[in-house]
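The values are calculated or read from the model by the stated rules, or taken from the named source; none is laboratory data. Just so you know, these numbers come straight off a predicted model, no measurement behind them. Backbone-built Cβ (ideal geometry, glycine too); neighbour counts: all protein chains shown. Just the protein is used for accessible areas: all its heavy atoms, side chains included, with ligands, DNA and RNA removed. Shrake-Rupley method; radii C 1.70, N 1.55, O 1.52, S 1.80 Å.
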Amino acid sequence: MSEKRAYLDWNATAPLRPEAREAMTAAFDVVGNPSSVHAEGRRAAAILRDARDAVAELVGAASDRVVFTSGGTEANATCVRPDLYDRIIVSAVEHDSVKAAASVDPAKLCVIPVDATGEIDLTALDRLLDETAAERVLVSVMLANNEVGTIQPISEAAELCHAHGAAIHCDAVQAVGKVPVSMAALGVDFLTLSAHKFGGPKGVGAIVCGPAAAVAPLVRGGGQEWRQRAGTENLIGIAGMGAAARAAAAGMDDWTRVAALRDRIEAFVGKLPGVGASAPVLIAPGCRLSNTAAVALPGLKADMMVMTLDLEGVAVSAGAACSSGKVKRSSVLEAMGAPAAIADATIRVSLGWETGDDDVDRFCTAFATLYRRWRQRLGADRLEVA
Ligand code: PLP
């Protein structure tokens, strides 16, 4: 008899929403190419248009500002372009897709430090902008961090950037669908989205441009997406993304319930003597995602913790999930000043709209098992763990 597993790795990817599945299933049977002028093409174009409207609405943008891509990674690589700028300034806690794109020309790269909560230092950003003599400057700061959930002061950063004549890109992959996002309120020039983080399919995303911004294509060829991203659109994926966007907008209230579940997890681990005071507890409520907890058992390697919890029926991840399967020390926690013993031993527990009390119960039971082993390994006294 197999017991239900607890999937607590929503920041890696979320389950497909039924609305997205339905829209994708319908799109499978649409034969036309959205660029074709005949009736079949127009039918496909209508699906594309409808999805574009839904994605635009989710972030308070006009539909013609949305450029579909193959996901968050491509969107980030298209925006963070050392070939187009003289200086690229990124935060120290960006996702690898931003870091890798920004590092193509290391001579152009500057890094904004973060504090112990993972929040960027706006004074340092101001100084970096003041100091640069470069004319074409791009700043890239994520909206919410994928490992610890810190929400950045993007509108303040955007004001600084624009006052200095710099453009600003924001990777909002982890925030969109979890917190209300408004292009106008953020004031950024480019926003990155990824469908699979809010219940759409994997392998589709978008760049949303500010009123005065346009994307320089990374992929060239046809005139799709207003010549900003060539290639026949992934119609099925985009249909799923549009439906997921509508469902995400309608389900914003779910996150209050999710926050209470996350708080239960933090309260449980918080009362276990010796569990690392991971950074999220330092972050002020309202300045972090409601679904993310980071927990450390110093002395145990995070990948070992992930494997043990997996065997106990609980899926979590070690810092940033690494596609190669290898786990490296979290650069996010390092940038936040966490000692190596904490950074190496931190797991990320992330919840979503389908998470229930039973998942949290399962996590707590599995974590208690892990905790007992950890105490034994340390040779500590036997502890009663509720
Ligand atoms: N940016 C952030 C903050 C992410 O968490 C991720 C995925 O984990 C990405 C970008 C990459 O998005 P995608 O998986 O759609 O390429």
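Across the chain, the longest piece that holds none of the GluC sites (Glu not before Pro) lying in DSSP loops with up to 10 other C-beta atoms within 10 Å covers 136-383.
With Cα atoms defining each centre, the stretch 65-144 and the stretch 343-364 are spaced 30 Å apart in the structure.
Dividing the mean sequence gap of close Cα pairs (under 8 Å, 6+ apart) by how many residues the stretch 67-205 holds gives a relative contact order of 26 percent. Reported value for the stretch 19-138: 165 Å³ per residue, from the convex hull of its C-alpha atoms.
Here Lys178 is the anchor, and the lysines within straight C-alpha reach of less than 26 Å, apart from those fewer than 8 places off in the same chain, are Lys4, Lys99, Lys197, Lys202.
A Gaussian network model of the chain, with springs between Cα atoms under 10 Å, assigns the largest mean-square fluctuation among Thr73, Thr13, Thr25 to Thr25.
I'd like to know which of Ala368, Val269, Gly71 lies farthest towards the positive end of the charge dipole of the chain, counting +1 on Cβ of Lys and Arg and -1 on Cβ of Asp and Glu. The residue sitting most towards the positive pole is Ala368. Across the accessible surface of the chain, with the other protein chains kept in place and a 1.4 Å probe, carbon and sulfur atoms take up 55 percent.
Ligands, DNA and RNA aside, Phe268 has an accessible area near 20 Å² when probed at 1.4 Å. Computed from label points 7 Å out along Cα-Cβ, the spacing between Arg329 and Ser36 is 5.6 nm. Between Ala163 and Ala267, the contour length at 0.36 nm per residue exceeds the alpha carbon distance by 33.2 nm. Considering only Ala212, Ala340, Ala56, the Gaussian network model of the chain with Cα springs below 10 Å gives its largest mean-square fluctuation to Ala212.
Can you tell me, using C-alpha contacts under 8 Å and at least 6 residues apart, the relative contact order of the chain as a whole percent? 22 percent.
What fraction of the DSSP beta bridges in the stretch 99-191 is antiparallel, stated in percent and rounded to the nearest 5? Of those bridges, close to 25 percent are antiparallel.
Note down the relative contact order for the stretch 33-140 as a percent, whole number, built from C-alpha pairs under 8 angstrom at least six residues apart. Rounded, it is 21 percent for the stretch 33-140. Among Val93, Val349, Val111, the largest mean-square fluctuation in a Gaussian network model of the chain, built with springs joining Cα atoms closer than 10 Å, belongs to Val111. With helices as the sole contributors, the chain gives -11500 deg cm²/dmol at 222 nm; each DSSP H run of n ≥ 4 counts as -39500 (n - 2.57), and the sum is divided by every residue. When DSSP beta bridges are restricted to pairs lying wholly in the chain, around 50% turn out antiparallel. Here Ala133 and Ala216 are evaluated by their C-beta separation; at R0 = 25 Å the FRET efficiency comes out at 0.65.
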